[in-house]
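S.K.: Encoded as structure tokens, here's the structure I'll be asking about.
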Amino acid sequence: MVKTRELTEFERIEIIRLSGTGLSQRKVAEMIGCGQNTVKTTLQRYKEHQTVKNLHRTGRNPISNKRDKRNLISMVKKDRRLTAAQLALDWCLSNGKQASPSHVQKVLQQHNYMWRPACKKPRLTEKHKKTRLEFANKLKDWPKERYRNILWSDEMNVEVDMRKKGIKLRRTTDEKFNPDCIVERTKQGSGSIGIWACMSYDGVKLFKLFNGRLNAQAYQEILENYLMPSIDLMDDKDNVIFQQDNAPCHTAHKIRDFFIENNINTMRWPPNSPDLNCIENLWSWLDHHLSKIQIRGLDQLQEEIHKLLSNVPVQICNNLVDSMQTRINECRRNKGGITRY
């Protein structure tokens, strides 16, 4: 039987004596009751240091071995929100070894598992995924140039104190979009200032700041006063496609009639698909720049938003629109599931 404990000095002496009689390492291992590698290591150590005593060791033996560490990683993957103290307790119950929360933290950091914000994505049903996949398949052969004549639109609500702490969980950088690393959410109420904007490959067009939520009447006024002039700014305005999501005010009968009366070609957009709308990433750019400013009131917030949206670098819009092919392909690969955008 292979021993798991450390050999005694007498056993090491016996290994050296028996090996000196010409016996093979395998035979010696059988006689001593240890592994053949143990015999080999003992002989090498004696040859190098001329001693059977334990060599000087730096520091204490590690608390955990590779198997224990794999077990810890498995615990993390089962529940990403467990604290280091909870993991230390569960780890002890599984292997009987006492480990401090700081040791657990250290082991997880060695494997690149650290507290990181959970990625928030809309909840997708199987029906949503099917619709998204059908949409992506229709656009799979579109060249980049075709996306460049689309006016992308969206609304965003911003609060004065808009830096909110997100939920954090343990994951590696490569696991950001794993299903168990995502916090699903639904859309919440309006913020202090609402923004409607449209963007094309050539840059941000006209935008509107408003208070509260949009209804169909207010949205139609925005379309009349901001969308129509934005279309006129397009190079090929006769072939412009307008993109909007499926918000209730967007799908009202009077809005549909408005598009028909003004000969505006609109995209049929899949539900719960902000990741496929490249203008969504413009809000991330805006949020990032607002976070650098200490905003103290609504007037200042409105002023800063207007200043930032009026000076969005064209290169940013170029990159966002040209990312559409990648978004569509990734949606198809994920069979209508979420993408990394």
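S.K.: Return the pair list, or none, for Cβ contacts closer than 6 Å from residues in segment 210-224 that are assigned by TED's automatic domain parsing to the domain that holds R256 to residues that are of a type in the set (D, E, K, R), at least 6 apart or on different chains.
M.R.: Note: pairs meeting the criteria are A216/K254; I222/K208.
S.K.: Output the qualifying pairs, or none if there are none: Cβ atoms under 7 angstrom, residues six or more apart or on different chains, first residue in segment 46-63 and in the same structural domain as I15 (by TED's automatic domain parsing) and outside any loop (DSSP other than H, G, I, E, B), second residue at pLDDT 70 or above and exposed (fewer than 11 other Cβ atoms within 10 Å of the Cβ).
M.R.: Close Cβ pairs (under 7 Å, with a partner that is at pLDDT 70 or above and exposed (fewer than 11 other Cβ atoms within 10 Å of the Cβ)) amount to H49/L55.
Each row is one residue, and each column tells you yes or no for (1) more than 30 Å from K205 (Cβ to Cβ); (2) in the same structural domain as T173 (by TED's automatic domain parsing); (3) not hydroxyl-bearing (S, T, Y).
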residue: A85; (1), (2), (3): yes, no, yes
residue: L89; (1), (2), (3): yes, no, yes
residue: N95; (1), (2), (3): yes, no, yes
residue: K106; (1), (2), (3): yes, no, yes
residue: K129; (1), (2), (3): yes, yes, yes
residue: E134; (1), (2), (3): no, yes, yes
residue: L139; (1), (2), (3): no, yes, yes
residue: K144; (1), (2), (3): no, yes, yes
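S.K.: Here is a follow-up. Do the conditions hold for D275, that is, is it outside any strand (DSSP E or B), closer than 18 Å to I316 by Cβ, touching a residue at least 60 places away in the same chain (Cβ under 8 Å) and in contact with a Phe, Trp or Tyr (Cβ under 9 Å, 6 or more places away or on another chain)?
M.R.: On the way: outside any strand (DSSP E or B): yes; closer than 18 Å to I316 by Cβ: yes; touching a residue at least 60 places away in the same chain (Cβ under 8 Å): yes; in contact with a Phe, Trp or Tyr (Cβ under 9 Å, 6 or more places away or on another chain): yes.
The answer is yes for D275.
S.K.: Determine whether segment 91-104 contains at least one residue that is closer than 19 Å to E175 by Cα and out of contact with any Leu (no Cβ under 6 Å at 6 or more places or on another chain).
M.R.: Taking segment 91-104 as the starting set, the residues that turn out to be closer than 19 Å to E175 by Cα are none.
No, segment 91-104 contains no residue that is closer than 19 Å to E175 by Cα and out of contact with any Leu (no Cβ under 6 Å at 6 or more places or on another chain).
S.K.: I would also like to ask the following. Pairs needed: first member in segment 243-268, of a type in the set (D, E); second member anywhere, modelled with pLDDT of 95 or more; C-beta distance under 6 Å; at least 6 residues apart or different chains.
M.R.: Partner pairs satisfying both residue conditions: D245/W269.
S.K.: Can you find, within segment 83-101, the residue that is surrounded by the fewest Cβ atoms within 10 Å (Cβ to Cβ) among those that are of a type in the set (A, V, I, L, M) and in contact (Cβ under 8 Å) with a residue 12 or more places away in the chain?
M.R.: Going residue by residue through segment 83-101, those that are of a type in the set (A, V, I, L, M) are 84-85, 87-89, 93, 99.
Of the ones still in play, those that are also in contact (Cβ under 8 Å) with a residue 12 or more places away in the chain are 84-85, 87-88, 99.
Details: A84: 20, A85: 13, L87: 21, A88: 21, A99: 20.
Going through the qualifying residues, I end up with A85.
S.K.: Right, here's the next one. Can you confirm whether E184 is within 23 Å of P248 (Cα to Cα), in a strand (DSSP E or B) and at pLDDT below 85? Outline the logic, then answer.
M.R.: Working: within 23 Å of P248 (Cα to Cα): yes; in a strand (DSSP E or B): yes; at pLDDT below 85: yes.
So E184 fits the description; yes.
S.K.: Pick from N112, N137, N157: which is modelled with pLDDT of 85 or more, under 26 Å from the mean Cα position of the chain (by Cα) and part of a loop (DSSP other than H, G, I, E, B)? Even if it seems obvious, please write down each step before you answer.
M.R.: Details: N137 fails: part of a loop (DSSP other than H, G, I, E, B); N157 fails: part of a loop (DSSP other than H, G, I, E, B).
Being modelled with pLDDT of 85 or more, under 26 Å from the mean Cα position of the chain (by Cα) and part of a loop (DSSP other than H, G, I, E, B) holds for just one of N112, N137, N157, which is N112.
S.K.: Would you point out which residue out of V104, V76 is in contact with a helix residue (DSSP H, G or I) (Cβ under 6 Å, 6 or more places away or on another chain) and either in contact (Cβ under 8 Å) with a residue 40 or more places away in the chain or among the hydrophobic types (A, V, I, L, M, F, W, C) (or both)? Talk me through it step by step, then tell me what you get.
M.R.: Values: V76 fails: in contact with a helix residue (DSSP H, G or I) (Cβ under 6 Å, 6 or more places away or on another chain).
Result: V104 is the single residue among V104, V76 that is in contact with a helix residue (DSSP H, G or I) (Cβ under 6 Å, 6 or more places away or on another chain) and either in contact (Cβ under 8 Å) with a residue 40 or more places away in the chain or among the hydrophobic types (A, V, I, L, M, F, W, C) (or both).
S.K.: Right, next: Would you check if there is a residue in segment 286-296 being surrounded by fewer than 12 Cβ atoms within 10 Å (Cβ to Cβ), hydrophobic (A, V, I, L, M, F, W, C) and farther than 20 Å from P122 by Cα?
M.R.: Pass one, segment 286-296, residues surrounded by fewer than 12 Cβ atoms within 10 Å (Cβ to Cβ): 288, 291-292, 294, 296.
Checking which are hydrophobic (A, V, I, L, M, F, W, C) leaves us with none.
Taking every residue of segment 286-296 in turn, none turns out to be surrounded by fewer than 12 Cβ atoms within 10 Å (Cβ to Cβ), hydrophobic (A, V, I, L, M, F, W, C) and farther than 20 Å from P122 by Cα.
S.K.: Go through T326, T339 for me and flag whichever is in contact (Cβ under 8 Å) with a residue 24 or more places away in the chain, hydroxyl-bearing (S, T, Y) and either in a helix (DSSP H, G or I) or not assigned by TED's automatic domain parsing to the domain that holds C278 (or both).
M.R.: Working: T326 fails: in contact (Cβ under 8 Å) with a residue 24 or more places away in the chain.
Answer to the check: T339.
S.K.: Collect the residues in segment 324-341 that are under 13 Å from N281 (Cβ atoms) and buried (at least 16 other Cβ atoms within 10 Å of the Cβ), keeping them in residue-number order. Write out each step before concluding.
M.R.: Of the residues in segment 324-341, the ones under 13 Å from N281 (Cβ atoms) are 324, 326-327, 339-341.
Across segment 324-341, the qualifying residues are M324, R327, T339, Y341.
S.K.: Just one of R80, R26 is of a type in the set (D, E, K, R) and either loosely packed, with under 13 Cβ neighbours inside 10 Å or not in a loop (DSSP other than H, G, I, E, B) (or both); which is it? Reasoning before the result, please.
M.R.: On the way: R80 fails: either loosely packed, with under 13 Cβ neighbours inside 10 Å or not in a loop (DSSP other than H, G, I, E, B) (or both).
Unique residue meeting the criteria: R26.
S.K.: For segment 143-157, what are the residues that are in contact with a strand residue (DSSP E or B) (Cβ under 7 Å, 6 or more places away or on another chain) and of a type in the set (S, T, Y)?
M.R.: S153
S.K.: Going by the structure shown, is Q315 polar (S, T, N, Q), modelled with pLDDT of 95 or more and under 16 Å from M156 (Cβ atoms)?
M.R.: Values: polar (S, T, N, Q): yes; modelled with pLDDT of 95 or more: yes; under 16 Å from M156 (Cβ atoms): no.
For Q315, the condition - polar (S, T, N, Q), modelled with pLDDT of 95 or more and under 16 Å from M156 (Cβ atoms) - is not met.
S.K.: Return the only residue of F242, F259 being part of a helix (DSSP H, G or I) and either on the phi < 0 side of the Ramachandran plot or not assigned by TED's automatic domain parsing to the domain that holds R146 (or both).
M.R.: Exactly one of F242, F259 is part of a helix (DSSP H, G or I) and either on the phi < 0 side of the Ramachandran plot or not assigned by TED's automatic domain parsing to the domain that holds R146 (or both), namely F259.
The values are calculated or read from the model by the stated rules, or taken from the named source; none is laboratory data. This one's a predicted model, so the numbers in the text were calculated from it and none came from an experiment. Don't worry about glycine lacking a Cβ; one is built from the backbone with ideal geometry, like all the others, and counts go over all protein chains shown.
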